[in-house]
Ligand code: HEM
């Protein structure tokens, strides 16, 4: 007697908890917190270095902010938990409503009845697909000049940049960046094609995106008139003789069409290599000992070495991405939209018809 | 030819700007004087302004050789156009002209904002050369237009609720309430489509469909607010004053997503 009473009590509590978790008050609470989290995540700059937050917000506020993970809201454990609870809420409420919707549908054959149910299903699947994408998506970055071949990170694929072309309009604005690519897998199969902005190349489960570009330069290093090293570096990179690692040339910036602007600063008059100059710095034991511009081909003599920057070339930066969950996300979005159309536009029409037929419309 | 097109666009745009201002005044007069001829005049003016604005958009699209939906000016102009379009549809359907008293000033403010932006036609950078962008922005225009109408109706509701008998020829509360709901539902569907087409475009251009950038995040916030509205209404029977206040808040959020995110949040970052 006593035992079954307790059991009833317990199932009563479980039932109450389940009802709460599947109920709308719980959804409202979750949605409002998620909303506030989104607002915080959009107003507070995300993903900066920790010192940034201490500088911008002070020691206490900055510390609090980092402690609460407000510097990376959308990847924080508590945001994930909120999303998880919303999913739980959606699952429970969909399960509990399924029977009722089905029964009503059997009676009336109104497809509109499925509208809100499908909307929630689509949303649930969309959240799950997005979350799966966060864990499953992979990204590899490669940059190089036309003619170069390199391994694509950990994918086992090789990427050859066959060509790279920047098409300019008459006013020198960029019309398109286009890279000709060949991707080779471990078995030696290849896929070739073009990747341009808004038109990625698909190969072996990855999409290859033309991301950005810059200038690279060959550097020949001579010692006593002998060539000791040839290297290709991009603007922002270093090179130096292997025997004297303390000595380095830093390729600062490239001016394809060098000139001075109205304030006397270095500038490039056009993006075309009409009058190319490189801005470089020479470092010795970590400190800058000289900085200057040089024409390609002119020697830069220092510490018995001679650096020659030559043949400046545009390089392209290619990003390869894969998100195995993206098709699921697309399908979920389609379900969500279909659900909305049913909920808003199939149902009222039927309600109207029901009213016109004179039957007592059973309102929700 | 170029000059002619620029001139036509400028003249029709400025004329539309002025016409919307006059329309707003005419609707205000109608709301106060409650004369039938004033209603007809205001409606005629609204149609004229809408026509002129349509000309300016079409001419610009023809001139640029693309959908004119890519920079601040073009989008603000289209945004105002979308609200005017939704308004004209709703007025015809619900015979609810006083709504113009609230909608016309909103349209005027937005087209006024457009008039402060540069009207120069620029060629598009590669990332913007996508037909998904066209879909994306078109969906936004319809969605925002519908939310704008809900906002106007909600204002009318709140004013009449506060000052009974103040507005002429305005439908009963139940009808207003239904219009607000229908407009929000339409807006919600198109906001959803806007976000989905935007995600597809982002995937094509950058390889990830959702990046939590402030604009995306604020459109999600807007979406959640309207989702809460729909549920409160459906399940908790939220109608009348509360629903109207929600519709106003939702639209403020729309405006913030559109203008505020660019200016305020970007500004916050750059000042720090
Ligand atoms: C952001 C999340 C959500 C969105 C976008 C959403 C969307 C919708 C939509 C569009 C409708 C139809 C509204 C109408 O016909 O006016 C609806 C109805 C409904 N939603 Fe949600 N929903 C969400 C979350 C939830 C959650 C978490 C629950 C769980 C309790 C829930 C429970 C319901 C119920 C019970 C209805 C009424 C169904 C009916 O009578 O047809 N919703 N929802």
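The values are calculated or read from the model by the stated rules, or taken from the named source; none is laboratory data. Just so it is clear, the structure is predicted and the values come from calculations on it, not from any experiment. Cβ coordinates were reconstructed from backbone atoms using ideal geometry, including for glycine residues, and neighbour counts include every protein chain displayed.
Summary table below
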item: Hey, residue A:29 within 25 Å of residue B:222 (Cβ to Cβ), surrounded by fewer than 17 Cβ atoms within 10 Å (Cβ to Cβ), within 14 Å of chain B (Cβ to nearest Cβ) and within 16 Å of the ligand (Cβ to nearest atom) or not; result: yes
item: Residue list for the range A:69-111, filter: assigned to a helix (DSSP H, G or I), away from the ligand (no atom under 14 Å from the Cβ) and more than 14 Å from chain B (Cβ to nearest Cβ); result: A:77, A:78, A:81, A:106, A:107
item: Complete set of residues in the range A:165-193 that are assigned to a strand (DSSP E or B) and away from chain B (no Cβ under 14 Å); result: A:180, A:181, A:182, A:183, A:184, A:190, A:191, A:192, A:193
item: Qualifying positions in the range A:194-210 - more than 11 Å from chain B (Cβ to nearest Cβ) and on the phi > 0 side of the Ramachandran plot; result: A:204, A:205
item: Residue that is within 10 Å of another protein chain (Cβ to nearest Cβ), part of a helix (DSSP H, G or I), within 16 Å of the ligand (Cβ to nearest atom) and over 30 Å from residue A:46 (Cα atoms), where the choices are B:146, B:150, B:185; result: B:185
item: Verdict on residue B:201 being more than 21 Å from the chain's Cα centre (by Cα), farther than 20 Å from residue A:116 by Cβ, in contact (Cβ under 8 Å) with a residue 24 or more places away in the chain and facing another protein chain (nearest Cβ under 10 Å); result: yes
item: Any chance residue A:216 is more than 8 Å from chain B (Cβ to nearest Cβ) and under 21 Å from the mean Cα position of the chain (by Cα); result: no
item: Selection within the range A:35-49 - more than 7 Å from chain B (Cβ to nearest Cβ) and over 21 Å from the mean Cα position of the chain (by Cα); result: A:36
item: The range B:230-245, subset in contact (Cβ under 8 Å) with a residue 24 or more places away in the chain and either away from the ligand (no atom under 11 Å from the Cβ) or away from every other protein chain (no Cβ under 11 Å) (or both), residue surrounded by the most Cβ atoms within 10 Å (Cβ to Cβ); result: B:244
item: Unmet criterion (only one of (1) modelled with pLDDT under 90; (2) under 16 Å from residue B:120 (Cα atoms); (3) under 22 Å from the mean Cα position of the chain (by Cα); (4) in a helix (DSSP H, G or I)) for residue B:69; result: (4)
item: Flag for residue B:192 being within 13 Å of the ligand (Cβ to nearest atom), under 19 Å from residue A:129 (Cα atoms) and either at the interface with chain A (Cβ under 10 Å from one of its Cβ atoms) or surrounded by fewer than 20 Cβ atoms within 10 Å (Cβ to Cβ) (or both); result: yes
item: The lone exception for residue A:151 - which of (1) within 11 Å of the ligand (Cβ to nearest atom); (2) in contact with a strand residue (DSSP E or B) (Cβ under 8 Å, 6 or more places away or on another chain) it fails; result: (1)
